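First up is the structure itself, then whatever we jot down about it.
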Amino acid sequence: MKYLIMVLGKQADYDAMSGSPAPGQPAWTEKDIQAMYGHMGAINDSLAESGELVDAQGLTEPSQGRLVTAAKDGTPVVSDGPYGEAKEVIAGYWVVDVENIERATEIAARAYACPQPEGAPNYPVVVRPIGEMQGDEM
């Protein structure tokens, strides 16, 4: 069964990784960033080796995204979105094809243990089964 494993973050986290810490948010050093990439790369490598990896991507900072809604007449309205007010957003994800949710949560626990600077927030890692559509439902 396929699962989506999502790592969460905030714009302030991306800023801290770029050297602009916010109050209560330490700046990341190059060593911190390399440790994070090394940890995530090791997860990717082991999932690829076991045949469980379907896809994995880190996402750009929320300020680069767009929010799409519609006006009353149905015309699309595109804006930078309420990222300042948003709690956490998806910072990256894995799609895995594993035997059961227990295996998916093992992978999520490994992602949660990612090294980071002392005092940096550590957000939950979300695991969601991916529903599979049957025949005519597509």
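Worth a mention:
- Taking max minus min of the alpha-carbon positions on each principal axis, the chain gives extents of 51, 50, 18 Å, largest first.
- Within the chain, the longest run free of exposed loop sites, counting trypsin sites (Lys or Arg not before Pro) that sit outside DSSP helix and strand states (H, G, I, E, B) and have at most 16 other Cβ atoms within 10 Å, spans 1-65.
- Cα-Cα P(r), the stretch 27-74, percent of pairs per 5 Å interval: 4, 15, 14, 15, 14, 12, 10, 5, 6, 5, 0
- The GluC sites (Glu not before Pro) of the stretch 11-106 that meet both conditions, a loop assignment by DSSP and at most 15 other Cβ atoms within 10 Å of the site Cβ, are Glu85, Glu99.
Rule-based calculations on the coordinates, nothing more; no lab input. All values derive from a computational prediction rather than experimental measurement. Neighbour counts are summed over all protein chains in view; Cβ atoms, including those assigned to glycine, are modelled from backbone coordinates with ideal geometry.
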